[in-house]
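I have placed the structure first, in the form of structure tokens, so that the comments after it can refer back to it.
Derivation of every value follows stated rules applied to the coordinates shown; laboratory data play no part. Predicted model, so just to flag it, every value in this text is computed and none were measured. Every residue, glycine among them, receives a Cβ derived from its backbone with ideal geometry; neighbour counts consider all protein chains shown.
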Amino acid sequence: MKQILLRTPATTANVGPGYDIFALALKEPYDEIYLSLNTTGKITIEIEGGHQNIPADIQDNTAGLALIELFKRYKSGHGIHVRITKRMISGAGLGTTGAAASAAVYGACNLLELTLSNNEMIDIARLGEVASGGSPHADNVAAALLGGFTLIKCYKPLEVLKLNIPEIPVVLAVIRKGQRTTRGFITYEIGEEKLKEQIARCSAVIHALHCNDIAEFGKAINVDHIAEPVRGAAIPKYKETKAKILEAGAWGCTISGGGSSIIAFCDINHQNQIASLMEKEFSENPLFDSIIKTTTSNQGIVIV
């Protein structure tokens, strides 16, 4: 095989209290990644479908950095060309950088006939995230690769667990970040009581999914003392709109990944109402892009 076309899903990371630990895949939106081997010995990248200021230089692109690491570890002398066709907004907390990195590694492993484990591919792909957020976090790349709900069991060595989840209706208010990343403003000095609650909420998320209790899952993701205070402060009307979303019947609502998109989990009968509410409240934000109604998905990267 000399070429491969992949579909790679949007993901939402952190999922409330699970900062850099939890993520889940969404049915839509998604990007398409095409890779082809060649004899140039070089890695090249092109972007289609709205560049959105995405760098094509391999040192500044998440897929490029991940491929550099893969080729270095396995001493490949091949060249490879990557074409990223954008069908989802970048810079909005939808895991698009992780999607590109994971698809690049997964596709290259198929083309080069490398038999890497999922953990090995995720460990390489996460290094690509340095290009976007400065940190090699594994949550988004894990969910993009595997689908479902993923949790990082251990970072040293990296070990990821996937949980299959029911198809939960989701509403996304897609809002771009006002700056590249807010990661540097997040503090871990949250105090003993908040730390205990954060750990308890993480436990509650996993318990709820094991019990297939989506209402309890929603309650568990509603509190985050680490990322939400920083990222929520940068989103106009976030706190009061979140309260309205929960009053309208959503099980849970939180910031998607690094922001500034907002994600709500709800019953299918409440999806249209919550979508209308979110559009009304956030559409005046100059960084607002759209409302997306979709579902969670157990499907990760797909060979098209």
Counting DSSP beta bridges in the chain, what percent are antiparallel, to the nearest 5? 90
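So how strong a dipole does the range 1-147 carry about its Cα centre when Lys and Arg Cβ are +1 and Asp and Glu Cβ are -1, to the nearest 20 debye?
With Lys and Arg at +1 and Asp and Glu at -1, about 300 debye.
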Given +1 on the Cβ of Lys and Arg, -1 on the Cβ of Asp and Glu, and no further charges, what dipole in debye does the range 123-183 carry about its Cα centre, rounded to the nearest 20? 260
Loop-exposed chymotrypsin sites (Phe, Trp or Tyr not before Pro) per DSSP, neighbour cap 15 Cβ within 10 angstrom, longest uninterrupted part of the chain: 189-304
GLU240 label point, 7 Å along Cα→Cβ, cut-off 14 Å on backbone N: hits in the range 251-265? none
Residue by residue, what Karplus-based ³J(HN,Hα) values in Hz, rounded to whole numbers, does the range 13-21 have, using 6.51, -1.76 and 1.60 with θ = phi - 60° and x for Gly and Pro? 9, 6, 6, x, x, x, 4, 6, 10
Relative contact order %, the chain, counting alpha carbon pairs below 8 Å whose residues are six or more apart: 25
Sum up the charges of everything whose Cβ sits under 11 Å from the Cβ of VAL170, counting Lys and Arg as +1 and Asp and Glu as -1, but leave VAL170 out. 0
Select from ALA243, ASN298, ILE124 the residue farthest towards the positive end of the dipole of the chain; place +1 on Cβ of Lys and Arg, -1 on Cβ of Asp and Glu, and compute about the Cα centre. ILE124
Among all stretches of the chain without exposed GluC sites (Glu not before Pro) (DSSP loop, at most 13 other Cβ atoms within 10 Å), which one is longest? 1-112
Roughly how many debye, to the nearest 20, is the charge dipole of the range 169-295 about its Cα centre, given +1 on each Lys and Arg Cβ, -1 on each Asp and Glu Cβ, and no other charges? 380
To the nearest 500 deg cm²/dmol, what mean residue ellipticity at 222 nm is calculated for the chain from DSSP H runs of n ≥ 4 alone, each contributing -39,500 (n - 2.57), summed and divided by the residues? -10000 deg cm²/dmol
Ranking VAL230, ALA99, GLY18 by how far each Cα lies towards the positive end of the charge dipole of the chain (+1 on Lys and Arg Cβ, -1 on Asp and Glu Cβ), the top one is ALA99
